[in-house]
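This report concerns only the one structure given below.
Bear in mind these aren't lab numbers, they're just calculated from the coordinates by the rules spelled out. Keep in mind it's a predicted model, so treat the numbers as computed, not measured. Quick reminder, even Gly has a Cβ in these numbers, built from the backbone with ideal geometry, and neighbours come from all protein chains shown.
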Amino acid sequence: MTAAGGVFRAGTFTWIAGIEDTCVHPPERFAMAPLDEHELTGHDRAWRSDLDLVRSLGATALRYGVDWPRVHLAPGVFDWAVLDERLAYAAGLGLTVIADLVHYGTPTWLDDSFADPAYPDAIASFAGAFAARYRGVVDHVTPLNEPITTASFAGLRGVWPPALTGWDGWTAVVLGIARGMQQSVAAVRSANPDATIVHVEATSMFSTDDPALGAEAALLTELGTVPTDLVLGRVDPDHRSYRWLLEHGATPAGLAALVDGAVTLDLLGVNYYPDLSPRRLAPGLDGTVQHAHDRWTAGLVESLTGFAERYGLPMLVTETSIEGDDDLRSRWVQDSSAAVTALADAGVDVRGWTWWPVFDFVDWSYASGGVNVEEFAVAPEVLAARLHAGGAKAPFLRRMGLVRLEERADGTLDRVETAAAAAFRAVATATSVARP
């Protein structure tokens, strides 16, 4: 199944749901607990009812993580039992699964994670084995979710393995990711010629009111395109980031190999959160501080049109939601879906829209003892509640889902549909989508 045919073919529009699937299992030497959203949110226990819920909302496609760190036990050794059951069940519900092969974490036996010399071969081995095993069940594959976010957490700021820091660390992680993605795409297509490659990247949108920070804002915005450009083989000596990469540890031979290894992508997934993706830079006591600010649908339209102009690929909105009360999330369902379908009607080649996550999730600071791990500033009262949570998950729950998670006294999490779920169901079932 290629992007030119099947569920995401030209002239169609698909309503997609996503289950948060961050899966970071650090080697023992790292001072963080595992960050495994399928476990933390109770999806490992409630996966059948969660998948039933996705279908009941009117979604016909599902972005779903395949827990690489838990499946790839050792080089060449895989445990497929959990995925066999879950993916067959999803397919039986009529859901087109877009499989997230990597969602921020690697197996613990890759000691240096994305910077490990063995990483590209390891992920390609998994990608090929996955594609062969699930051909005809799962034919849509995302090689790695959000390279730019992965590089920030794993290579620039030392939050997740391999915990590198600075722009040299960022570059090392990005180059490893790009090599791994190229090899993964080749492995998937070799094992399943009918596979559709869905590349997913976050929106990088930076501005500032301080003239002294203008160059930094421009750099951060430009670097948001570098991982995708590397995978596509665009970073040659004429590329505007070529010399910058050399200054931060890349080599001419390494960049040339990525040009030679260029792959094609079938669909470009764009992730945009109205209150998180746009960032405004300001000076702070310890350097530049990023402040997230809400640009509502204007930012979404700018993001999609920018990606369309740069890459000319068919697109999906692969993540969007907003944190807040039921009314705010309901309005975002309605306004964002209307903005995206209007773009599609106007000729922008966007073929689907995803609410991510279906249900609330546990903030990533949970694995770091409540310390803020985000790129942007977080309100002091929110941090205080997390630092004094005493093991409870409730202070860490991010209210971004169509379905609310409510913590019981024993720590289990109940699922409670919100008005936003009703709003999603209304747009998904009311819009039949074929377009001329």
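Descriptive notes on the structure:
- Separation of the D286 and V378 label points, Cα + 7 Å toward Cβ, nm: 1.4 nm
- Counting charges near D294 (Lys, Arg +1; Asp, Glu -1) among other residues having Cβ under 14 Å from its Cβ returns a value of +1.
- Two-site label geometry, D84 and L387: point separation in nm, points 7 Å out along Cα→Cβ: 4.8 nm
- Dividing the mean sequence gap of close Cα pairs (under 8 Å, 6+ apart) by how many residues region 6-430 holds gives a relative contact order of 16 percent.
- Span-rule helices in the chain, defined as complete DSSP H runs reaching 15 Å or more along the axis (Cα) with Kyte mean at least 1.0: 419-430
- Two-site label geometry, A394 and A256: point separation in nm, points 7 Å out along Cα→Cβ: 6.2 nm
- The slack between A426 and S190, meaning 0.36 nm per residue of separation minus the straight C-alpha distance, is 81.0 nm.
- Extension gain, E39 to Q334: 0.36 nm times the residue separation minus the Cα-Cα distance gives 103.1 nm.
- Counting only DSSP beta bridges whose two residues both lie in region 6-430, roughly 35 percent are antiparallel.
- Listed candidates [x] 0.98; [y] 0.93; [z] 1.04 - label of the one calculated as Rg/Rh (Cα atoms, Kirkwood Rh): [y]
- HN-Hα J in Hz across region 227-239 - Karplus 6.51, -1.76, 1.60, θ = phi - 60°, x for Gly and Pro: x, 5, 4, 5, 4, 7, x, 8, 8, 9, x, 8, 6
- Where a label projected 7 Å from the Cα of T12 along Cα→Cβ would reach, residues of region 291-314 with amide N under 18 Å: 314
- Structure-based [θ]222 nm, the chain - -39500 (n - 2.57) summed over DSSP H runs of at least 4, per residue, nearest 500: -11500 deg cm²/dmol
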